[in-house]
Structures are given as structure tokens and as C-alpha cells.
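The values are calculated or read from the model by the stated rules, or taken from the named source; none is laboratory data. Model, not experiment: these values are computed from the prediction. Note that we place each Cβ from the backbone using ideal geometry, even for glycine, and neighbour counts take in every protein chain shown. Just so you know, the surface numbers come from the protein's heavy atoms only, side chains and all, with ligands and any DNA or RNA stripped out. Shrake-Rupley method; radii C 1.70, N 1.55, O 1.52, S 1.80 Å.
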Amino acid sequence: KMNRAFKYLMFAAVAVMMAACGRKDGRKAVEMGPEETAVEFCRAVAGGDFAKASALCDTLAMKEYIDGQEQAWSMLQKADSSAFGIAVAMLAEADMTVEDVMKDGDGRQVLLTIGFGENRKNKQVMLKKEEGEWKVTAITDRN
């Protein structure tokens with residue numbers, strides 16, 4: 001039987017990573033459309049690959065977001081690395097479904113559902129094209 005602290009750490013790790021948005025695809029960003037870029041960005045953040053996440057976003061617009069996720073990741077890993085490892089493995093199995101893509105001026109809004117088991121998070125990812133590549137400019141929860 002899991003103790004209460006372990007359960008809390010597992011929940012916190014999964015919640016932080018789902019809130020952020022792990023599987024890796026070797027495709028180059030220049031080949032990816034807005035939908036693929038949004039999914040890969042969320043997978044990179046959830047998997048702790050902040051270098052990849054930074055490469056897929058407008059680093060000026062997203063600096064605070066990336067820094068916050070990296071700090072949360074580090075804090076959870078230090079609190080209980082074994083629980084954190086289990087949570088990361090669980091998130092590697094999370095499905096990310098593009099629900100819709102909407103044109104927004106020169107940019108795009110990608111509506112994603114991120115899920116694992118019964119846990120579902122709906123995200124709205126805003127992107128714009130920079131030098132031929134789609135870059136994430138914002139990510140928010142949606143109802």
C-alpha cells in the first residue's frame with residue numbers, strides 16, 4: 001500500500017507534467033506543421049527536454065513558462081526521484097490528440113487534449129511562423 005506522501009508526489013508529478021503538456025520524434029521543426037509542433041512542444045516539456053522545448057517556441061514569449069516548468073521538474077525530482085520516475089514513465093504513454101486548428105491572423109491556435117487514463121487536460125497552444133518554422137508563443141488551459 002502506497003503511503004500518503006508517495007501518492008501526493010505521484011499526483012503532483014503527473015499534474016505538473018500534464019499541466020505542461022514524453023515521446024520524442026526526430027523530425028526537424030522546419031518539417032512540422034503547427035499541430036505537430038504543438039504536440040512535440042508539450043511532449044518535450046512533459047519529458048523534461050527543455051532544450052528541445054525552447055527550440056520549438058518563441059523563447060522571449062515563453063521564457064517564464066519554460067523556466068517555471070524546469071523549476072517544477074527539478075523540485076519534484078529532488079523530492080522523490082523514484083515517484084518522479086514512475087510519473088515520467090506514465091506520461092510517456094499519455095495520448096495527445098489535436099482536436100482543432102484555427103487560423104489566427106498569421107498564426108494558428110491548436111486545441112489539444114492530453115490524457116492518461118481518466119485524467120484529461122485541454123490545452124490551447126498558440127503558434128506563429130518564424131523563419132519558416134512554427135513556434136509556440138503561448139499555451140493555456142481551456143474548458
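Equivalent ellipsoid of segment 80-132: semi-axes from √(5λ) of the C-alpha gyration tensor, largest first, are 30, 14, 7 Å. Remark: for residue pairs 52/123; 52/128; 52/103; 78/121, the C-alpha separation exceeds 23 Å in 52/103; 78/121.
Looking at segment 56-143, the accessible area is 58 square angstrom per residue; that uses a 1.4 Å probe and ignores ligands, DNA and RNA.
What FRET efficiency, computed as 1/(1 + (r/R0)^6) with R0 = 30 Å and r the Cβ-Cβ distance, is obtained for residue 78 and residue 118, rounded to the nearest 0.05? Working from the Cβ atoms, E equals 0.60. Over all distinct alpha-carbon pairs, what is the Kirkwood Rh of segment 52-143 in angstrom? Evaluated over segment 52-143, this radius sits at 14.7 Å. What a 1.4 Å probe finds exposed on segment 103-143 is 36% carbon and sulfur by accessible area, rounded to a whole percent.
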